[in-house]
1. Could you tell me whether the range 60-72 includes any residue that is modelled with pLDDT under 95 and not charged (D, E, K, R)?
2. For residue 29, are the conditions met, namely being more than 10 Å from residue 66 (Cβ to Cβ) and either at pLDDT 95 or above or under 12 Å from the mean Cα position of the chain (by Cα) (or both)?
3. So, restricting to strands (runs of 3 or more DSSP E) that lie completely within the range 18-72, which ones have at least 1 residues that are in contact (Cβ under 8 Å) with a residue 12 or more places away in the chain and surrounded by fewer than 16 Cβ atoms within 10 Å (Cβ to Cβ)?
4. Can you tell me how many residues within the range 6-54 are aliphatic (A, V, I, L, M) and in contact with a His (Cβ under 8 Å, 6 or more places away or on another chain)?
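The values are calculated or read from the model by the stated rules, or taken from the named source; none is laboratory data. None of these values were measured; they are calculated from a predicted model. Cβ: placed from backbone, ideal geometry, glycine included. Neighbour counts: every protein chain shown.
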Amino acid sequence: MKHIKILGSGCPKCAKLAQRAEEAAKALRVKYSLDKVSDWKEYKKYGVMMTPALVVNEILESSGQVLSVEEIKNILSK
């Protein structure tokens with residue numbers, strides 16, 4: 001099971017990253033949960049300075065950019 005978190009305020013970039021993360025997980029047919037986190041206190045736990053950020057299984061994988069579906073698939077395949 002992959003636990004995916006999207007850290008961000010809910011802006012269009014954050015929504016796009018969440019949509020692509022979900023698309024990538026479905027394409028790989030992995031079980032996953034997806035949480036959208038908008039609390040700045042949570043961002044600090046991961047050292048995030050720029051959003052959107054992608055966290056998978058409590059590991060910060062990306063910050064400040066909207067990854068492509070292929071990039072996210074590569075991360076989820078680890």
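1. no
2. yes
3. Numbers: elements: 32-37, 53-56, 59-63.
Where strands (runs of 3 or more DSSP E) fall fully within the range 18-72 and carry at least 1 residues being in contact (Cβ under 8 Å) with a residue 12 or more places away in the chain and surrounded by fewer than 16 Cβ atoms within 10 Å (Cβ to Cβ), they are 32-37.
4. 0
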